[in-house]
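Q: Pasting a structure below so you can have a look.
The values are calculated or read from the model by the stated rules, or taken from the named source; none is laboratory data. In this text, all values refer to a predicted model and were calculated from it rather than measured experimentally. Cβ placement follows ideal geometry from the backbone for every residue including glycine, while neighbour counts extend to all protein chains displayed. Keep in mind that these areas ignore ligands, DNA and RNA; they rest on the heavy atoms of the full protein, side chains included. Shrake-Rupley method; radii C 1.70, N 1.55, O 1.52, S 1.80 Å.
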Amino acid sequence: MSADPSAITVRPARTSDVRGMQGLIEPYVHRRILLGKELVNLFEAVQEFVVAERDGELVGCGALHVLWEDLGEVRTIAAAQGSLGRGVGHAMLVALEDRARRLGLTRLFCLTFETAFFSRHGYAEVAEQVVEPEVFAELLRSPDGGVAEFLDLAHVKPNTLGNTRMLKRL
Ligand SMILES: CC(=O)SCCNC(=O)CCNC(=O)[C@H](O)C(C)(C)COP(=O)(O)OP(=O)(O)OC[C@H]1O[C@@H](n2cnc3c(N)ncnc32)[C@H](O)[C@@H]1OP(=O)(O)O
């Protein structure tokens, strides 16, 4: 294993990464830090994900979900437990933010316990809703559980207890 952070490669996820991604996320699901994802949901969302590799080994994954015309959410960002604090999270977040800019997004939301990590990357806590009531009403039509969490709907509040809502202007 190299200690050189430049040895981290971030690339779009492929279907062959999905089982590894689930394995990588699993310890954090067990600790109730991340919400569990069924394999089918990870396959369905594979185009949202980037993965990080070091020396050919999967050491991280993270996703960008588009919520609205100007707004996206970074989701399920996880560095492998053996690779924490070595720049994996940073490299993936930079890649997801680049992707967001190329899509035309100007704001990124996240829901996290890792407030220091996201603050260092320009995210600030937001208490209130960050969309207009008309957009809120449109987003209510989404079947996506993460959107329900973004909207802070009562039935998903147990999933988000203790998390902080944060926003970054790109
Ligand atoms: C929106 C969401 O996805 S919320 C969910 C976020 N994910 C989780 O909570 C799952 C569990 N946590 C994790 O997987 C990780 O802790 C993450 C994803 C939050 C951060 O990933 P990491 O790879 O550990 O972050 P990264 O290494 O880039 O930065 C963390 C620290 O390491 C430092 N660092 C960065 N590169 C290096 C390096 N090469 N060598 C040593 N330290 C480094 C950073 O400066 C930072 O230090 P600081 O905390 O003193 O400022």
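Q: Please determine, in degrees from 0 to 90 and to the nearest 10, the orientation of helix 88-103 with respect to the longest principal axis defined by the Cα atoms of the chain, where the helix direction is its Cα long axis.
A: For 88-103 against the chain, the angle is about 50 degrees.
Q: Here's another thing I want to ask about it. In µm²/s, what is D for the stretch 10-120 at 37 °C and 0.692 mPa s, where D = kT/(6 pi eta Rh) by Stokes-Einstein and Rh is the Kirkwood radius from Cα pairs? Kindly include the intermediate steps, with their values, before the conclusion.
A: Numbers: Rh = 14.0 Å.
The calculation lands on 234 µm²/s.
Q: Among P12, P143, P27, which one moves the most in a GNM of the chain with springs linking Cα atoms closer than 10 Å?
A: Greatest mean-square fluctuation among the candidates belongs to P143.
Q: Pick out, from P27, G82, L71, the residue whose Cα sits farthest towards the positive end of the charge dipole of the chain, with +1 on the Cβ of Lys and Arg and -1 on the Cβ of Asp and Glu.
A: G82
Q: Apply 1/(1 + (r/R0)^6) to the Cβ-Cβ distance of L161 and V40, taking R0 = 25 Å, and write down the FRET efficiency to the nearest 0.05. List each step's numbers first, then the result.
A: Numbers: r = 26 Å, r/R0 = 1.04.
Efficiency for this residue pair is about 0.45.
Q: Over all Cα pairs of the stretch 55-168, how is the pair count split among 10 Å bins, expressed in % and running from 0 up to the last occupied bin?
A: 13, 45, 33, 9, 1
Q: Compute from the Cα atoms of the stretch 38-102 the Rg and the Dmax, the latter being the longest Cα-Cα distance, and quote both in angstrom.
A: Radius of gyration, then largest Cα-Cα span, for the stretch 38-102: 12.2, 37 Å.
Q: List the residues, sorted by chain then number, that are 5 or more residues from G87 or on another chain and whose placed amide H is less than 5 Å from its amide H.
A: Here nothing satisfies the definition.
Q: Between beta-carbons, use under 12 Å as the cut-off and find the net charge around R75, counting Lys and Arg +1, Asp and Glu -1.
A: Values: positive: K37; negative: E48, E73, D144, E149.
Summing Lys and Arg as +1 and Asp and Glu as -1 gives -3.
Q: Continuing with the same structure: What nm distance separates the two modelled labels at R31 and R11, each placed 7 Å from Cα along Cα→Cβ?
A: 2.9
Q: What whole number of Å gives the distance from the Cα centroid of the stretch 112-170 to the Cα centroid of the stretch 51-74?
A: Computed from Cα coordinates, the inter-centre distance equals 17 Å.
Q: Using the Karplus curve 6.51 cos²θ - 1.76 cosθ + 1.60 with θ = phi - 60°, work out ³J(HN,Hα) for each residue of the stretch 128-136 in order, rounded to whole Hz, and write x for Gly and Pro.
A: Per-residue couplings from phi come out as 8, 5, 9, 10, 5, x, 5, 6, 3 Hz.
Q: Continuing with this model, one more query. Taking θ as phi - 60°, what are the ³J(HN,Hα) couplings along the stretch 17-34 by the Karplus curve (6.51, -1.76, 1.60), each to the nearest whole Hz, with x for Gly and Pro?
A: 8, 4, 5, x, 4, 5, x, 6, 6, 3, x, 6, 5, 4, 8, 6, 8, 10
Q: A follow-up question, please. Using the Karplus curve 6.51 cos²θ - 1.76 cosθ + 1.60 with θ = phi - 60°, what ³J(HN,Hα) values do you get for each residue of the stretch 106-113, in whole Hz, with x for Gly and Pro?
A: Taking θ as phi minus 60°, the curve returns 10, 9, 10, 9, 8, 10, 7, 8 Hz for the stretch 106-113.
Q: Please identify the trypsin sites (Lys or Arg not before Pro) of the stretch 1-92 that satisfy two criteria: DSSP loop assignment and at most 14 other Cβ atoms within 10 Å. Which are they? It would help to have the intermediate numbers written out before the result.
A: Working: sites: R14, R19, R31, R32, K37, R54, R75, R86; in loops: R14, R31, R32, K37, R86.
The qualifying sites are R14, R31, R32.
Q: Compute the accessible area per residue over the chain, keeping the other protein chains in place, probe 1.4 Å, unit Å². Walk me through the numbers on the way to the answer.
A: On the way: 9080 Å² over 170 residues.
Averaged over the residues of the chain, the accessible area is 53 Å².
Q: Counting only protein heavy atoms and a 1.4 Å probe, tell me what percentage of the chain's accessible area is made up of carbon and sulfur. Don't jump to the answer; show the numbers that get you there.
A: On the way: 4740 of 9080 Å².
Whole-percent figure for carbon plus sulfur exposure: 52.
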